[in-house]
Amino acid sequence: MKKLPLLALLLLSSLSVKASDYVYYGFQPDIVTNYVAVKKKMGYVRLTVELMVEGSNNLEVVEHHAPLLRDAIIDIIGQQSEDKIKSINGRHEIQRMCEERVQDLLKAETGQTLIKKLMFTQWLDN
């Protein structure tokens, strides 16, 4: 009879280790860049980007490569059209492209996949 509570305790403790094994890295300051605008006006985007990093010991590695990752995100956004920037579906596609590029860069630099998720937590465009 005592095995069931012990088994439940072991399962719960292993789940809590998994959930707490992620840390977040936020780019500071916010990313501000131009995009391809129609007409003769200048378009820009200001966004806050957070990375979900697997393992707290990998946070220092991500911080070390932050300038490379930031440049990749700015490069992707700068190539987007105004229609894509201003639509919800376009933003999701941009977020996916940025996440894939960041993961590829970290894989090339470190040999590991360190990022679980890239999130745009704020988005302001004109």
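The values are calculated or read from the model by the stated rules, or taken from the named source; none is laboratory data. Since we're looking at a predicted model, the values are computed, not measured. So basically every Cβ, Gly included, is an ideal-geometry build from the backbone, and we count neighbours across all protein chains shown. What goes into the accessible areas is simple: the full protein's heavy atoms, side chains included, and nothing from ligands, DNA or RNA. Shrake-Rupley method; radii C 1.70, N 1.55, O 1.52, S 1.80 Å.
Looking at the range 101-126, which of the residues that are in contact (Cβ under 8 Å) with a residue 40 or more places away in the chain, of a type in the set (D, E, K, R) and closer than 15 Å to Met52 by Cα is most open to solvent (accessible area, probe 1.4 Å)?
Among those residues, the one meeting the criterion is Lys116.
Kindly indicate the residue of the range 34-66 that is of a type in the set (A, V, I, L, M, F, W, C) and open to solvent by 60 Å² or more (accessible area, probe 1.4 Å) and also farthest from the chain's Cα centre (by Cα) among those meeting that condition. The residue in question is Val38. For the criterion of being touching a residue at least 12 places away in the same chain (Cβ under 8 Å), open to solvent by 20 Å² or more (accessible area, probe 1.4 Å) and part of a helix (DSSP H, G or I), Leu69 fails.
What are the residues in the range 32-59 that are part of a loop (DSSP other than H, G, I, E, B) and of a type outside the set (Val, Ile, Thr), if any? Those that are part of a loop (DSSP other than H, G, I, E, B) and of a type outside the set (Val, Ile, Thr): Ala37, Lys39, Lys40, Lys41, Met42, Gly55.
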